[in-house]
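What follows is calculated from the coordinates using simple rules that are stated; it is not laboratory data. This is a predicted model, so every value here is computed, not measured. Don't worry about glycine lacking a Cβ; one is built from the backbone with ideal geometry, like all the others, and counts go over all protein chains shown.
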Amino acid sequence: AHVTISANKLIDMLDERGSGSSKKGRVRSTTFGIANDAFAKFAVVFSALIHDVEHQGVPNRQLCIEGDALAILYNDKSVAEQHSIHVGFSTLQNPIFSSFMSTIVPHPEDKIEFRRLVIDIVLATDIASQERQELFHSKWKEAFPSRASNNPAMRRHSVGTPL
């Protein structure tokens, strides 16, 4: 529930920024098109809803160490996150969601884009993955070059590990 609330707050912030609202005559920073993209907003909300589905309550590393069936299935890579993605999309394939899905993703290319967005968002929640953290930081630097150099948190891959 906390992630869904946070996603909703994020979307509210994007709406506010995307509307061109300003403080003291200054237009707020860009939202890279998300503010006006209902499709992307739904992908964020859906990702928030499924990101911890069937999570076992132990870190991915522990699942790998123990040789858990999910670790084997997902080749020790973002195990819990990949399983959540699998469960989320498997649920959407249920016939009771066919009308809903044909509205959300009416064309095959929409389905591909929706899956790509959700997969990227949910995998980004694997904060222990060095590879994911490096990808996140490179995308952050690309999107916000001036902020990245001024933000101490962006100068690290993970807690205590310098870039």
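Brief remarks follow.
- Treating r as the C-beta distance of PHE100 and GLU131 and R0 as 41 Å, the FRET efficiency rounds to 0.75.
- Rounded to the nearest whole Hz, the Karplus-based 3J(HN,Hα) values (6.51 cos²θ - 1.76 cosθ + 1.60, θ = phi - 60°) of region 72-86 follow the sequence 5, 4, 9, 6, 6, 10, 6, 4, 5, 5, 5, 5, 4, 4, 4, with x at glycine and proline.
- For region 71-142, the square roots a ≥ b ≥ c of the C-alpha gyration tensor eigenvalues yield an a/c of 1.5 or more together with a/b not exceeding b/c, which makes the shape oblate.
- Sparse-neighbourhood loop sites, GluC sites (Glu not before Pro) in region 31-100 - DSSP loop, at most 13 other Cβ within 10 angstrom: GLU54, GLU66
- Volume per residue that the Cα convex hull of region 40-93 spans, once the total is divided by residue count, Å³: 81 Å³
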